[in-house]
Amino acid sequence: MKQFTTIRETREYLAGKAEKGYSIGFVPTMGALHEGHISLVNRSKTENMLTVCSIFVNPTQFNNKEDLEKYPRTLARDAKLLRASGCDVLFAPTAAEMYPEGETEGIDLEFGLLDKVMEGKFRPGHFKGVATIVNKLFAVVNPTRAYFGKKDFQQLAIIRHMVNSLKLPVAIIACETVREPDGLAMSSRNMRLTIAERSQAPEIYQVLSKMKEKAGKMPVKALKEWAMKKIQETPDLRIEYLEIGDRETLVPLENWSHKERGMVFAAVFLGDVRLIDNIELFL
Ligand code: PAF
């Protein structure tokens with residue numbers, strides 16, 4: 001596996017491959033890799049001639065300084081995992097490399113409601129930071145296809161919107177959320193949970209799964225209230241939001257008239273660790 005830290009050497013190497021007709025699959029990450037990331041690498045490997053992974057803890061998408069500081073950084077271990085998974089190129093730049101003008105620079109795109117609800121509402125500026133860095137990374141890697149997990153479903157919608165608005169020549173591939181055997185969605189943040197918090201964390205997915213059984217059989221509002229009460233009964237879980245929304249527009253559902261597009265999205269704190277999850281209610 002080639003490992004680069006500068007834009008220049010990454011671009012040069014990949015441009016050489018593209019000239020030879022290689023298709024390039026790209027998995028952007030912030031490191032602290034887990035099986036979910038490796039599943040994206042594996043999918044990319046089956047669909048492309050070359051797979052590139054980036055590791056960059058992007059400062060502009062953290063609206064909370066402490067969250068940025070506490071974000072796990074495990075580059076040596078991550079590189080080892082990527083090598084073992086058959087990734088071809090790792091791009092792991094510094095903040096100065098990606099933001100030479102400082103961290104105030106950012107892409108100015110109109111996202112409509114997509115960046116106003118849920119994550120957008122509770123993490124102001126987060127999606128501007130995500131769109132900025134993903135656009136920059138695309139400009140470095142020039143991928144044929146880029147792979148994102150559905151756990152960050154709203155992020156996926158933002159990136160799709162950006163790619164359509166800017167007419168970027170990349171196919172966005174959405175991949176299923178990978179879960180622990182007890183249902184907890186894999187996340188780099190899980191490693192920050194205490195043993196007690198980790199034992200309660202699967203309750204999030206359990207409640208979402210029960211909502212799927214109940215969806216359509218009771219009013220949307222009542223289902224939401226039932227789920228919020230259930231989550232709050234678990235001592236260390238604190239809900240930031242729980243929304244039933246439309247898969248395409250993310251607009252909150254008021255009734256089941258377009259139920260086939262219904263999804264539930266949740267953000268829940270365990271101590272100071274914030275976890276998100278979502279599932280389709282009718283698929
Ligand atoms: O999903 C992530 O890990 C990050 O938001 C991404 C897409 C790598 C941008 O920093």
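We did not get these values from a lab; they are worked out from the coordinates using the rules stated. Bear in mind the structure is a predicted one, so any value in this text is a computation, not a measurement. For neighbour counting, all protein chains shown are included, and Cβ atoms are generated from backbone atoms with ideal geometry for every residue, glycine included.
General observations
- Dividing the helix sum by the residues of the chain, where each DSSP H run of 4 or more adds -39500 (n - 2.57), gives a mean residue ellipticity at 222 nm of -12000 deg cm²/dmol.
- Remark: for residue pairs Lys151/Lys259; Lys70/Lys151; Lys128/Lys217; Lys2/Lys116; Lys116/Lys136; Lys150/Lys217, the C-alpha separation exceeds 32 Å in Lys128/Lys217; Lys2/Lys116.
- Computed over the stretch 37-99, relative contact order equals 50 percent, with contacts defined as Cα pairs under 8 Å that lie 6+ residues apart.
- Highest mobility in the GNM of the chain, judged by mean-square fluctuation with C-alpha springs under 10 Å and restricted to Cys53, Cys175, Cys87, is found for Cys175.
- Rounded to the nearest 10 degrees, the angle from helix 220-233 to the longest Cα principal axis of the chain is 80 degrees.
- Using the Cβ-Cβ distance between Leu75 and Thr46 with R0 = 22 Å, the FRET efficiency computed as 1/(1 + (r/R0)^6) comes to roughly 0.25.
- Sorted largest first, the principal axis extents computed over the alpha-carbon atoms of the chain equal 58, 40, 38 Å.
- For the stretch 1-132: relative contact order, % (alpha-carbon pairs under 8 angstrom, 6 or more apart): 32 percent
- Helix 75-85 axis versus longest C-alpha principal axis of the chain: approximately 90°, rounded to the nearest ten.
- DSSP-defined beta bridges in the chain - what % are antiparallel, rounded to 5: 50 percent
- Amide H contacts for Cys175 (H built 1.01 Å from N in the peptide plane; partners 5 or more residues away or on another chain; cut-off under 5 Å): Phe148, Gly149, Lys150.
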